[in-house]
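Beneath this line is the structure, given in structure tokens, with notes to follow.
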Amino acid sequence: MPNNNVFNPLNQPVYTSSTNSYTSPGIVAPPENSAGSTGNLYTAGSTNSTTLGILGGSVTATLQLANPAGSGKTIYVSRLSGGITVALNLLSSFSGTMTLSANGTLSSPSTLTAVNSNLSSSNTSIAVVRFSTSAPSGVATLIAMPLQAGPFQSDESGRYVISPGQTINLSVTGSLSIAGLLACTTYFTWWEN
């Protein structure tokens, strides 16, 4: 029996089923859903907090996410987040910036351990995560934008891809013109495949 109706009639709709050719992550839900359930979604971050003297100054927090050469996996950035907390004198002026950059080196970094978002998974990240209280050198800037005091979050859903041998850096810097307490925080969330 032929179907002569090009459009679905209200009383006899045509049902369809989509086919997903991807195994992980899927295309129906955000990739983070599948990566989280399979134990491949990770997060790491840190804070640099300083009480500035009478002349003020700057505070920087830089997080570097590196995919080791020969890892056999690709890192996909899910979310950039962090913020600037400031307690200042009313006479002080504040400025803040967020910079996302590729490659480069950090000065006196400390190594952080990534946390798996699936708390029952024994998977560990292949990424090397480093934290520094200074901006990286020798980088290619991807994004630079001003920040106000408070938190920020940018959902990337895999827009930034880190192949083996590559790194990505997230730097948050806050500045005060005179004394005050300043804290800068940076976080990466990513999945590996």
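The values are calculated or read from the model by the stated rules, or taken from the named source; none is laboratory data. For clarity, every value in this text was computed on a predicted model and none was experimentally measured. Methodologically, a virtual Cβ is constructed for each residue, glycine included, from the backbone with ideal geometry; neighbour enumeration extends over all protein chains shown. Quick note on the areas: whole protein, heavy atoms, side chains included, nothing else; ligands and nucleic acids left out. Shrake-Rupley method; radii C 1.70, N 1.55, O 1.52, S 1.80 Å.
Note down the nm distance, to one decimal, between modelled labels 7 Å out along Cα→Cβ at ALA144 and at ASN103.
About 1.8 nm separates the two model spin labels.
At a temperature of 25 °C and a viscosity of 0.890 mPa s, determine how fast segment 116-189 diffuses translationally according to Stokes-Einstein, using the Kirkwood radius over alpha-carbon pairs as Rh; express D in µm²/s, rounded to the nearest whole number. The partial results should precede the final answer.
On the way: Rh = 15.5 Å.
The estimated diffusion coefficient comes to 158 µm²/s.
Stokes-Einstein D for segment 53-193 at 4 °C, 1.567 mPa s, Kirkwood Rh over Cα pairs, in µm²/s?
Working: Rh = 15.8 Å.
The estimated diffusion coefficient comes to 82 µm²/s.
Quick one: grab Rg to one decimal and Dmax as a whole number for segment 70-133, Cα atoms only, in Å.
Just the Cα atoms of segment 70-133 yield Rg and Dmax of 16.8, 53 Å.
Can you pull the one-decimal nm distance between simple spin-label points at SER120 and SER154, each 7 Å off the Cα toward Cβ?
3.5 nm
Where the accessible area of segment 35-80 is counted over protein heavy atoms with a 1.4 Å probe, how much of it, in %, is carbon and sulfur?
53 percent
Kindly report the accessible area of segment 26-122 per residue (heavy atoms of protein chains, probe 1.4 Å, no ligands, DNA or RNA), in Å².
Ligands and nucleic acids excluded, the figure is 49 Å² per residue.
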